[in-house]
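Data block below; observations after.
The values are calculated or read from the model by the stated rules, or taken from the named source; none is laboratory data. None of these values were measured; they are calculated from a predicted model. Heads up, the Cβs are rebuilt from the backbone with ideal geometry, glycines too, and the neighbour counts pull from every protein chain shown. Note: areas computed on protein heavy atoms with side chains; ligands, DNA, RNA excluded. Shrake-Rupley method; radii C 1.70, N 1.55, O 1.52, S 1.80 Å.
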Amino acid sequence: MELSSKVSVSFSDIRSDTKKYLETNRKYFEMYRTRAWIWSVFVPFILFVPTYLLITAFDQFNFTSIFQFFLGLFLFVIWIVTPGMFLYVNKDRNTVSRVWFWAWLGLNLGFIVFWIVLFT
């Protein structure tokens, strides 16, 4: 029995599945776009939590650091991907939506760097 085996991951399949999911649920994403806009305003400011968890996870190796690492990754994914999906689907509504979508991504990256510099 082989302990390790290669698993091929097709990124084009993942991308097509994601696009299909967004198109299937377009009505839901458009219905809750205002809540997503409000949530997206606060996301860059609260990103200090997963950033701090990821930084402290590498201080020393124990069970707590493993838990902090996975919790930090989970919070990053939830807090960035969820409003990002709503903003992505609604970015074609008007110019403000399109500008906010790209500005929001830049703001998130900027605040992640800011929190890293502040905490180290």
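What label, among (i) 15.3; (ii) 14.5; (iii) 16.5, belongs to Kirkwood radius over Cα pairs in Å computed from the structure on display? Among (i) 15.3; (ii) 14.5; (iii) 16.5, the one calculated here is (iii). Rounded to the nearest 0.05, what FRET efficiency do residue 74 and residue 94 have when you use their Cβ-Cβ distance and R0 = 41 Å? My answer for the efficiency is 0.80. Inter-part distance, region 50-66 to region 73-100, computed on C-alpha centroids, equals 28 Å.
Charge dipole (Cα centre; +1 on Lys/Arg Cβ, -1 on Asp/Glu Cβ; no other charges) of the chain amounts to roughly 540 debye. For region 106-120, backbone nitrogen atoms closer than 13 Å to the point 7 Å from residue 67 Cα along Cα-to-C-beta are found at no residue.
Share of the chain's accessible area from carbon and sulfur, percent, 1.4 Å? Whole-percent figure for carbon plus sulfur exposure: 69. Taking the chain as a Gaussian network of alpha-carbon nodes connected by springs under 10 Å, the highest mean-square fluctuation of the residues 43, 96, 77 belongs to 96.
Just name one of 46, 107, 65: the one whose Cα is farthest towards the positive end of the charge dipole of the chain (beta-carbon charges, Lys/Arg +1, Asp/Glu -1). The listed residue farthest towards the positive side: 107. When each full DSSP H helix of the chain is screened for a Cα extent of at least 15 Å along its own axis and an average Kyte-Doolittle hydropathy of at least -1.0, the helices passing are 33-46, 63-90, 95-119. Taken per residue, the accessible surface of the chain reaches 74 Å², heavy atoms only and a 1.4 Å probe.
Available extension along the chain between residue 85 and residue 55 is 8.1 nm, counting 0.36 nm per residue and deducting the alpha carbon span.
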